[in-house]
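Novice: Below is one structure. I have some questions about it.
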Amino acid sequence: MKAQPKASHFIDGKWHEDSAGEVIEVTYPGTGEVIARLHAATPAVVDAAIASAERAQKDWARMQPVERGRILRRAVDIIRDRGAELAHLETLDTGKPIQETEVADWPSGADALEYFAGLAPTLTGETIPLGGDFAYTIREPLGVCVGIGAWNYPSQIACWKAAPALSTGNAMVFKPSEITPLGALKLAEIFIEAGMPAGVFNVVQGRGAVGAALSTDPRVAKVSLTGSVPTGEKVYAAAAAGMKHVTMELGGKSPLIIFDDADLESAIGAAMLANFYSSGQICSNGTRVFVQKGIKERFLARLAERTGTILAGDPLDPATQFGPLITADQHVKVMSYIAKGKEEGARLICGGAAGNEGPLFVQPTVFADVTDSMTIAREEIFGPVMAVLDFETEEEAIARANDTQFGLAAGVFTADLARGHRVIGQLEAGTCWINAYNLTPVEMPFGAVKASGLGRENSKAAIEHYTQVKSVYVGMGPVDSPY
Ligand code: NAD
């Protein structure tokens, strides 16, 4: 077994096993080979993880913030030192090309840990003068936070949740996706090596039922989920019953609007990144590409030409640019959307079939003449399928771009910067780009509006979602009472 961890769970600073839990087989999407066999958490494992987090959190919160930051910073150094080994594991877990996992996944996670390690010690409350009396505020951690991850960026998601949570004095129980359970266990091990007290960060494995058990436990103060909209609705409802805080990073069907004055090569490059990176399995992808009529055919011809040069193949080969989908189910789902696109009359520009590099490959696919009502323009596909829609006016593009339940991301390409800002200002999306796409530096808030979620990850904004403000009124004189 190529990637078998020492045990399924990591609780209270130690590997933890309970073979009574349902077996979870981890397969390498590149070949279908089983690389690890784990067990889902039993109720006893869930209980042990939350109890351990609850115990550890109080001392961790009392620690000087700069010392918490120093521990997180040591973890960053370990992650960067072991970059190649961690990227290799991420590729085995996800099937994403090693040329992606070496630069995107753990590196982005390390950036988040580094950023919050430095930010947390700078957080202070305020003093509010009240004319003699005064008040002050203290920013406090929430307590035990649960993180639940999706399978597309498993280690990055674990780091993006752990970094703001732990730096501000919370403890975390993290449940990775059952499809990609390996990276989070590495993170737990690295934290201990960096000097983090046992129990501050715990990992338990399992499917939705384990996530649900964590989300409803009364000892848990917050749930941060990265996943699909239907799961988000369930987790949000469960959290509401216990008045828990939530962050919801959910799915999308984001618009990318390309005006006819845009730099064509940049716009095409961005559209490709926004649909084919990670084989299209990215929440913020710009999967509805609105192209202004004047440049439509030139755009499509050059897009087809560039898409034809994408090198699909063995994810572990450093030359490979495009890997398989994550699972057979996902492959069936994406192929059925491609069939729907053809059936509903979209014009196939390139791709449109399974790839021959392995059972889970799908060719990078572009449909043109897509209309707003077609299924491929309405539903999240989560695969390498770009829908190109054409438009004539700015107003029309904005109205059509907003005509969706989703609101995660949006992009605009234009040489007219005034127009770029004007259009972005009217798009209903949480994370936007002008003349760029899908760049998510840790300094910038990342998150959604509408059905795509709420709360923000990264940046100073994430602090709001992992802390709460305590107000303290200080009376400086005798109490003025009518009684
Ligand atoms: P999913 O919703 O099927 O699962 C996400 C996680 O939730 C998994 O760990 C799963 O086990 C858990 N889960 C399932 N049911 C649950 C329940 N009832 N209670 C608690 N937990 C439960 O999503 P997925 O297929 O793993 O990931 C793909 C989806 O994630 C896509 O929709 C994608 O857009 C979204 N996503 C969003 C972001 C973002 O930041 N907005 C990032 C990556 C992926």
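Novice: Apply the Karplus curve 6.51 cos²θ - 1.76 cosθ + 1.60, θ = phi - 60°, to the phi angles in the stretch 167-177 and return the couplings in whole Hz, x for Gly and Pro.
Specialist: 4, 8, x, 8, 10, 9, 10, 10, 10, x, 4
Novice: Taking amide H positions as placed 1.01 Å from N in the peptide plane, with prolines and chain starts having none, which residues 5 or more places from Val223, or on another chain, fall under 5 Å of its amide H?
Specialist: Val146, His245, Val246, Thr247
Novice: Right, next: Give the long-range amide H neighbours of Thr27: residues separated by 5 or more places, or on another chain, with amide H under 5 Å away, using H modelled in the peptide plane at 1.01 Å from N.
Specialist: Ile35
Novice: I've got another one for you. Looking at the stretch 1-118, what % of its DSSP beta bridges pair antiparallel, to the nearest 5?
Specialist: Of those bridges, close to 100 percent are antiparallel.
Novice: If you add up the charges near Thr414, with Lys and Arg at +1 and Asp and Glu at -1, over every other residue whose beta carbon is less than 14 angstrom from its beta carbon, what do you get?
Specialist: Working: positive: Arg419, Arg422; negative: Asp260, Asp261, Asp263, Glu394, Asp416.
Net charge around Thr414: -3.
Novice: Would you kindly state how much longer the chain becomes between Thr327 and Ala20 on full extension, computed as 0.36 nm times their sequence separation minus their alpha carbon distance, in nm to one decimal?
Specialist: Result for the pair: 108.0 nm of gain on full extension.
Novice: Turning to a different aspect of this structure: Where does the chain land at 222 nm, in deg cm²/dmol rounded to the nearest 500, when only DSSP H runs of n ≥ 4 count, each adding -39500 (n - 2.57), divided by all residues?
Specialist: Working: 16 runs with 183 residues, N = 483.
It comes out at -11500 deg cm²/dmol, rounded to the nearest 500.
Novice: Pairing the Cα long axis of helix 229-241 with the longest principal axis of the chain, what angle in degrees results, from 0 to 90 and rounded to the nearest 10?
Specialist: Relative to the chain, helix 229-241 is tipped by roughly 20 degrees.
Novice: Ordered by residue, what ³J(HN,Hα) values in Hz, to whole numbers, does the stretch 201-218 give under the Karplus form 6.51 cos²θ - 1.76 cosθ + 1.60, where θ = phi - 60° and Gly and Pro are x?
Specialist: Working through the residues one at a time gives 9, 10, 10, 10, 9, x, 8, x, 4, 5, x, 5, 4, 5, 5, 9, 5, x Hz.
Novice: Give me Rg over Rh for the stretch 147-189, both radii from the alpha carbons and Rh done the Kirkwood way, two decimal places.
Specialist: 0.95
Novice: Hey, can you grab everything whose amide H is under 5 Å from the amide H of Phe201? Only 5+ residues off in sequence or another chain; H modelled, so Pro and N-termini drop out.
Specialist: For Phe201, the qualifying residues are Met172.
Novice: Using square roots of five times the C-alpha gyration tensor eigenvalues, list the equivalent-ellipsoid semi-axes of the chain in whole Å, biggest first.
Specialist: 39, 29, 19
Novice: Going down the table (Lys6/Lys234; Lys253/Lys342; Lys234/Lys340), which pairs top 22 Å between alpha carbons? Could you put the intermediate results ahead of the total?
Specialist: Details: Lys6/Lys234 32 Å; Lys253/Lys342 19 Å; Lys234/Lys340 28 Å.
Those over the limit are Lys6/Lys234; Lys234/Lys340.
Novice: Still on this structure: Give the residue from Ala150, Leu119, Pro197 lying farthest towards the positive end of the charge dipole for the stretch 75-219; charges sit on Cβ (+1 for Lys and Arg, -1 for Asp and Glu) and the dipole is referred to the Cα centre.
Specialist: Positive-end residue among those listed: Ala150.
Novice: Let me ask another. Whole Å is fine, so just give me how far the alpha carbon centre of the stretch 246-284 lies from that of the stretch 76-96.
Specialist: Rounded to whole Å, the Cα centres lie 25 Å apart.
Novice: Just subtract the alpha-carbon distance of Thr127 and Lys460 from 0.36 nm times their residue separation and send over the number in nm, one decimal.
Specialist: Working: separation 333, 0.36 × 333 = 119.88 nm, distance 2.02 nm.
117.9 nm is the gain from fully extending Thr127 to Lys460.
Novice: Just want to confirm a number: the relative contact order over the stretch 83-200, from Cα pairs under 8 angstrom separated by 6+ residues, in percent.
Specialist: Dividing the mean separation by the residue count of the stretch 83-200 yields 26 percent.
Novice: Taking only the alpha carbons of the stretch 359-483, what extent do you get along each of the three principal axes, in Å, biggest first?
Specialist: 76, 43, 29
Novice: How much net charge surrounds Glu249 when only other residues with a Cβ under 11 Å from its Cβ are counted (Lys, Arg +1; Asp, Glu -1)?
Specialist: +1
Novice: What list of ³J(HN,Hα) values in whole Hz, one per residue of the stretch 24-41 in order, does the Karplus curve 6.51 cos²θ - 1.76 cosθ + 1.60 (θ = phi - 60°) give from phi, with Gly and Pro shown as x?
Specialist: 10, 8, 9, 10, 7, x, x, 10, x, 5, 6, 10, 7, 10, 10, 10, 5, 5
Novice: Turning to a different aspect of this structure: For the stretch 1-142, just list the percent of Cα-Cα distances falling in each 5 Å bin from zero outward, please.
Specialist: 2, 8, 11, 12, 15, 16, 14, 8, 5, 3, 2, 2, 1, 0, 0
Novice: Which of the aspartates and glutamates could a cross-linker bridge to Lys470, judged by Cα under 16 Å and excluding same-chain residues fewer than eight apart?
Specialist: Qualifying aspartates and glutamates at Cα under 16 Å: Glu126, Glu140.
Novice: Under unit Cβ charges (Lys, Arg +1; Asp, Glu -1), what dipole magnitude, rounded to 20 debye, does the stretch 57-195 have relative to its Cα centre?
Specialist: Numbers: 13 positive and 18 negative charges, 61 e Å.
My answer is approximately 300 debye.
Novice: Over the chain, what is the relative contact order in whole percent, taking alpha-carbon pairs under 8 Å and six or more residues apart?
Specialist: Reported relative contact order: 17 percent.
Novice: Same structure again: Packing-wise, with mean Cβ within 10 Å as the measure, how do 345-356, 21-32, 123-134, 246-257 rank, highest first?
Specialist: 246-257, 21-32, 345-356, 123-134
Novice: Quote the FRET efficiency, to the nearest 0.05, computed for Arg207 versus Gln4 with a Förster distance R0 of 25 Å and r equal to the Cβ-Cβ distance.
Specialist: According to the calculation, E is roughly 0.80.
Novice: Count the DSSP beta bridges whose two residues both fall in the chain, then state the antiparallel fraction as a percent rounded to the nearest 5.
Specialist: 40
Novice: Sticking with this structure for a sec: So if we plug the beta-carbon distance of Ala319 and Thr371 into 1/(1 + (r/R0)^6) with R0 = 35 Å, what FRET efficiency do we get, rounded to 0.05?
Specialist: Values: r = 38 Å, r/R0 = 1.08.
It comes out at approximately 0.40.
Novice: Looking at the square roots a ≥ b ≥ c of the eigenvalues of the Cα gyration tensor of the stretch 380-421, which shape do they give, rounded for a/c under 1.5, prolate if a/b is larger than b/c, or oblate?
Specialist: Judged from the Cα gyration tensor, the stretch 380-421 comes out prolate (a/c at least 1.5, a/b above b/c).
Novice: Same structure, new question: Compute, for the chain, the length of the dipole vector about the Cα centre, with Cβ point charges of +1 (Lys, Arg) and -1 (Asp, Glu) only. Units Debye, rounded to 20. Write down the numbers at each step before the final one.
Specialist: Numbers: 42 positive and 57 negative charges, 157 e Å.
Around 760 debye, computed over the chain.
Novice: Provide the net charge surrounding Lys175, with neighbours chosen by a C-beta distance below 13 Å and charges set as Lys +1, Arg +1, Asp -1, Glu -1.
Specialist: Net of charged neighbours comes to 0.
Novice: Magnitude of the Cβ-charge dipole of the stretch 180-299, K/R +1 and D/E -1, about the Cα centre, nearest 20 debye?
Specialist: Working: 11 positive and 10 negative charges, 95 e Å.
In debye, rounded to 20, the stretch 180-299 gives about 460.
Computed from the coordinates by the stated procedures, all read-outs in this text should not be read as laboratory data. Here the structure is a predicted model, which is why all the values come from computation and not from measurement. Please note: Cβ atoms are built from the backbone with ideal geometry, for glycine as well, and neighbour counts cover all protein chains shown.
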